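Read through the structure below, which is laid out as structure tokens, and then see the notes.
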Amino acid sequence: MSADGPIPFAPVRLGEPINRIDGRLKVTGSADYTSDYRLPGMVWGCLVKSTVAKGKLIALDTAASEALPGVIKVYTSRNRPALYLPKPDPKAGQMVSEPLLPLSDDAIHYYGQDIAFVIAETYEQAREGALLVRATYAEEKPTASREASVPQPPKEVNGAKPHLERKDKGVSAVEDAWRQSPVRIDTTYQTAFVHHHPMEPHAVVARWEEGRLLFYTPTQWMYGTRNFLSNGLGIPKERVRVLSHYLGGGFGCKGSSWMYMLLTAAAARDLKRPVKFVMERENMFTSVGYRPMTRQRLQLGAARDGALLAIRHQAMSSGSKVGEFVEGAAHASSPVLYACPNIEVDHQVFPLDLNGGTFMRAPGESPGIYALESAMDELAVALGIDPLALRMKNYAVDHPMSGLPFSAKYLDECYRTGAAAFGWEKRNPAPGSMGDGEWQIGWGMATASYPAHRQPASARVRLLADGTAEVMCATQDLGTGMWTIVGQASSAALGLPLDRIKVEIGDSDLPEAPVSGGSSSTASVLPVIDAAARAALKKLGTLAVADAASPLYGLDPESLSPFGGNLQAKSDASRSESFRAILARAGQGAVDATEKIDPASETKQKGEQNPLAPKKSAYQSFGAFFVEVKVHRLTCETRVTRITAAMNIGKPMNLKTARSQVIGGTVFSVGAALTEHSLLDETTGRWITRDLGTYHIPVHADIPEIDVHFVGEPDFQFNPLGARGVGEIGNTGLAAAIGNAVWHATGARVRELPITPDKILEATATPLKRPAVSPA
């Protein structure tokens, strides 16, 4: 063993619930978010918004604004710097919010559209200047309701045709199979407009240096934002650098690129000064998307023993006339969850004069699984079967549409684990049979599910002569724990303590990584971090085994393993040498390796025809929610008092951060189920909810202790580390479980989210008597 032997430390393993490496920075206020940056010579921007939803801007008086002390310039359609419209193309590395450049003409397409951009020395001056701009409109009547719109099929839904079906042999139509089923239900469910509202609003600081743009912004996609700015500003990609070290949440609305980004960067270039823009909370209703509302009809047909015979799921979602975003509720739920010989899904969009929707945590799955799981509960009641038993009766080993076997599916274990932890066997099935004084108690359950995604990713690992390592990847941390699990994966692969590894993420100058969306980051980034670490170690080992002065001389580099800053022979730990000694004798300051993993190339190498669709297995995460609610017998106030979640997500890379992700998704679902609703004035096309005083997000008092369990085995068929994503599955299924529990407590079946006291009162034909039995 060399004189500078291994560093004594406890190896960090993937899966361990270690604390966040950025945690102290965040809780002490030392982490710099975009709005914290203050650059020399920086000025502020503030947007002026349209106050009508449709029409034409016939006059825009900016004189009072321009005369205000501190105001530098007011941009309108008359003097806006040159911009180019980037085309939405996720495959080419950019997701564009809407096909409409800011301040492009005088047409008004929706309420809250940008009509001017005021630049001033301070935020207060920019804000006052924006308020002084006077607009005159030729207003037209907007289309702002489902009833006033004409539904139409979208071009595609999640890459598939709007209408899909699978029919059993001899069945002419899925509708016929449903009509011939001994037990049928036919119900319609509705979900509301909801907005993301991360704690950190959207923000930008744009600075130009010698023709290169330095762009600070909270983004879920470093390279996507870079490509968007490059195309929109007409400059090479190499002349754009995006920095996003810390995000205060994103939930999808920071995955697409928005036009205020182009406007701020163009203003900074025009004025030759850094420009800062921080979006006001009220403008997050009109500027950065939302989850569209949906209306879904579910027709389930079953045999009397509960076996499903037909599923028909017809969904409609709101859309925007300025850009098509589809909330693919039916496609993301009914073709996946249950074994059924006849399945039909269909989607239509009703376009409105409204700003466009966008991705929001579990887009499609969240509203779609809510509707399907609510309908499954109603079917269980019609059959007189326990809701959990009905789901087990229709358990799908293979994908219901493709017929491919699911990889590492342990949903049955989720059911058993969750039910045992919750005490489901004590449930009295009769509605209104459980209570506690003035409160009626209900228990409900539902299935959760989200697909497993992987995308191309690259990483660089550098081993330095001082015995430390640098790990570089242009991924980003939305608050999910990416800083930590990148460090954790690097420590496990390199055999180094965490404090000797420098993690670098959140910078578009680093090796390319995908969008943090579709629960794909962990499954995409960590395998390439591991591969780059092993490649760097192999280079280091090659130096050692070729050096006659090394204790490792003559060995096969593949026979070496790292531990504590040393390389050692796997078969003889006494043959060991430190990283620094190997590099010192070689006269090198470092060795580094860059790796790229493209799942499509991996799939091609396996001989599969279509790299974008799994051919040998279907990859999907599953889970189960069990929930208890209390509903006040007189006021119908609803409180969630217990939640148990059992999740099958492959191997969690960090049990603590994975649990936090499930908890975050669960809180999301409580909001969707009980409180969150963006109200739209269907006459004027204006959002009525404009702040967090009227848009009700759950607070600590609304959320009980959440009991989270992880079950199953690693999914090594999906990727080398066995990991699937966990960021979105927590926001699927629970809203249905809460609705099912409300029915169990009251006998009131509310089929529209959010479930508010007035809806429970309306759905309850007669008030239930106080229950005589409590759930012991």
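The values are calculated or read from the model by the stated rules, or taken from the named source; none is laboratory data. Worth saying up front: this structure is predicted, and the values here are computed from it rather than measured. With ideal geometry, Cβ positions are generated from the backbone for all residues, glycine too; neighbour counts draw on all protein chains shown. Note: areas computed on protein heavy atoms with side chains; ligands, DNA, RNA excluded. Shrake-Rupley method; radii C 1.70, N 1.55, O 1.52, S 1.80 Å.
Would you point out the residue of the stretch 743-766, among those that are among the basic types (Lys, Arg) and in a loop (DSSP other than H, G, I, E, B), that is most open to solvent (accessible area, probe 1.4 Å)?
Going through the qualifying residues, I end up with Arg751.
When only residues in the stretch 474-483 that are assigned to a loop (DSSP other than H, G, I, E, B) and open to solvent by 10 Å² or more (accessible area, probe 1.4 Å) count, which is nearest to Arg724 (Cα to Cα)?
Top of the filtered list is Thr480.
Which ones in the stretch 653-692 are surrounded by 21 or more Cβ atoms within 10 Å (Cβ to Cβ), farther than 14 Å from Val627 by Cβ and of a type in the set (S, T, N, Q)?
Residues satisfying the conditions are Asn654, Thr657, Gln661.
Under 7 Å between Cβ atoms, which residue pairs at least 6 apart in sequence (or on different chains) link something in the stretch 551-568 that is assigned by the TED database to the domain that holds Leu498 with a partner that is among the aromatic types (Phe, Trp, Tyr) and part of a loop (DSSP other than H, G, I, E, B)?
Gly564/Phe9
When you scan the stretch 657-698, how many residues do you find that are more than 30 Å from Leu14 (Cα to Cα) and among the small types (Gly, Ala, Ser)?
Taking the stretch 657-698 as the starting set, the residues that turn out to be more than 30 Å from Leu14 (Cα to Cα) are 670-698.
Filter once more, keeping what is among the small types (Gly, Ala, Ser): 671-673, 678, 685, 693.
Adding up the residues that qualify gives 6.
Mind checking which residues of the stretch 496-512 are open to solvent by less than 20 Å² (accessible area, probe 1.4 Å), touching a Cys at 6+ places or on another chain (Cβ under 8 Å) and either over 14 Å from Tyr246 (Cα atoms) or not in a loop (DSSP other than H, G, I, E, B) (or both)?
Those that are open to solvent by less than 20 Å² (accessible area, probe 1.4 Å), touching a Cys at 6+ places or on another chain (Cβ under 8 Å) and either over 14 Å from Tyr246 (Cα atoms) or not in a loop (DSSP other than H, G, I, E, B) (or both): Leu510, Pro511.
Does the stretch 296-315 include one or more residues that are assigned to a loop (DSSP other than H, G, I, E, B), touching a residue at least 60 places away in the same chain (Cβ under 8 Å), open to solvent by 30 Å² or more (accessible area, probe 1.4 Å) and touching a His at 6+ places or on another chain (Cβ under 9 Å)?
no
Just to check your reading of the model, which residue among Val486, Val471, Val515 is in a strand (DSSP E or B) and in contact (Cβ under 8 Å) with a residue 12 or more places away in the chain?
On the way: Val486 fails: in a strand (DSSP E or B); Val515 fails: in a strand (DSSP E or B).
Result of the check over Val486, Val471, Val515: Val471.
Per-residue answers, yes or no, for (1) touching a residue at least 60 places away in the same chain (Cβ under 8 Å); (2) open to solvent by less than 10 Å² (accessible area, probe 1.4 Å); (3) not assigned by the TED database to the domain that holds Ala513; (4) not in a helix (DSSP H, G or I):
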| residue | (1), (2), (3), (4) |
| --- | --- |
| Pro218 | yes, yes, yes, yes |
| Tyr223 | yes, no, yes, no |
| Asn227 | yes, yes, yes, no |
| Glu238 | no, no, yes, no |
| Met261 | no, yes, yes, no |
| Thr264 | yes, yes, yes, no |
| Ala267 | yes, yes, yes, no |
| Asp270 | yes, no, yes, no |
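Does the stretch 536-543 contain any residue that is farther than 19 Å from Ile501 by Cα, touching a helix residue (DSSP H, G or I) at 6+ places or on another chain (Cβ under 9 Å) and open to solvent by 70 Å² or more (accessible area, probe 1.4 Å)?
no
Can you go through Val74, Val171, Val150, Val133 and tell me which one is of a type in the set (A, V, I, L, M, F, W, C) and under 33 Å from the mean Cα position of the chain (by Cα)?
Val150
Residues being assigned to a loop (DSSP other than H, G, I, E, B), of a type in the set (A, V, I, L, M) and closer than 30 Å to Lys141 by Cα: count how many of those fall in the stretch 51-82.
Residues in the stretch 51-82 being assigned to a loop (DSSP other than H, G, I, E, B), of a type in the set (A, V, I, L, M) and closer than 30 Å to Lys141 by Cα: 2 in total.
Could you run through the stretch 694-737 and say how many residues are among the aliphatic types (A, V, I, L, M), more than 21 Å from Val515 (Cβ to Cβ) and not in a loop (DSSP other than H, G, I, E, B)? Quick ask: steps written out before the conclusion?
As a first pass, look at the stretch 694-737 and keep what is among the aliphatic types (A, V, I, L, M): 697, 699, 701, 703, 706, 708, 711, 721, 723, 726, 729, 734-737.
Add one more test, that the residue is more than 21 Å from Val515 (Cβ to Cβ), and what stays is 697, 699, 701, 703, 706, 708, 711, 734-737.
Okay, now just the ones that are also not in a loop (DSSP other than H, G, I, E, B), so 701, 706, 708, 734-737.
The total comes to 7.
Does Glu373 qualify as being of a type in the set (Asp, Glu), modelled with pLDDT of 95 or more and open to solvent by 10 Å² or more (accessible area, probe 1.4 Å)?
Against the criterion (of a type in the set (Asp, Glu), modelled with pLDDT of 95 or more and open to solvent by 10 Å² or more (accessible area, probe 1.4 Å)), Glu373 does not qualify.
In the stretch 121-139, what count of residues is obtained for those that are out of contact with any Ser or Thr (no Cβ under 9 Å at 6 or more places or on another chain) and of a type in the set (A, V, I, L, M, F, W, C)?
2
Here is a yes/no grid of residues against (1) open to solvent by 20 Å² or more (accessible area, probe 1.4 Å); (2) among the acidic types (Asp, Glu); (3) under 28 Å from Arg304 (Cβ atoms):
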residue: Leu404; (1), (2), (3): yes, no, no
residue: Pro429; (1), (2), (3): yes, no, yes
residue: Ala465; (1), (2), (3): yes, no, no
residue: Ala469; (1), (2), (3): no, no, no
residue: Gly487; (1), (2), (3): no, no, no
residue: Ser490; (1), (2), (3): no, no, no
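Looking at the stretch 187-206, which of its residues are out of contact with any Phe, Trp or Tyr (no Cβ under 8 Å at 6 or more places or on another chain) and assigned to a strand (DSSP E or B)?
Thr187, Thr188, Gln190
(1) buried (at least 20 other Cβ atoms within 10 Å of the Cβ); (2) more than 30 Å from Leu496 (Cβ to Cβ): which one isn't true of Ala452, the others all being true?
Unmet for Ala452, out of (1) buried (at least 20 other Cβ atoms within 10 Å of the Cβ); (2) more than 30 Å from Leu496 (Cβ to Cβ): (2).
In the stretch 693-703, how many are surrounded by 15 or more Cβ atoms within 10 Å (Cβ to Cβ) and not hydrophobic (A, V, I, L, M, F, W, C)?
So the count comes out to 4.
Considering only residues of the stretch 151-186 that are hydrophobic (A, V, I, L, M, F, W, C) and in a strand (DSSP E or B), which is least open to solvent (accessible area, probe 1.4 Å)?
Val157
Could you tell me which numbered condition Ala531 fails, if it satisfies all but one of (1) surrounded by fewer than 20 Cβ atoms within 10 Å (Cβ to Cβ); (2) closer than 30 Å to Pro652 by Cα?
(1)
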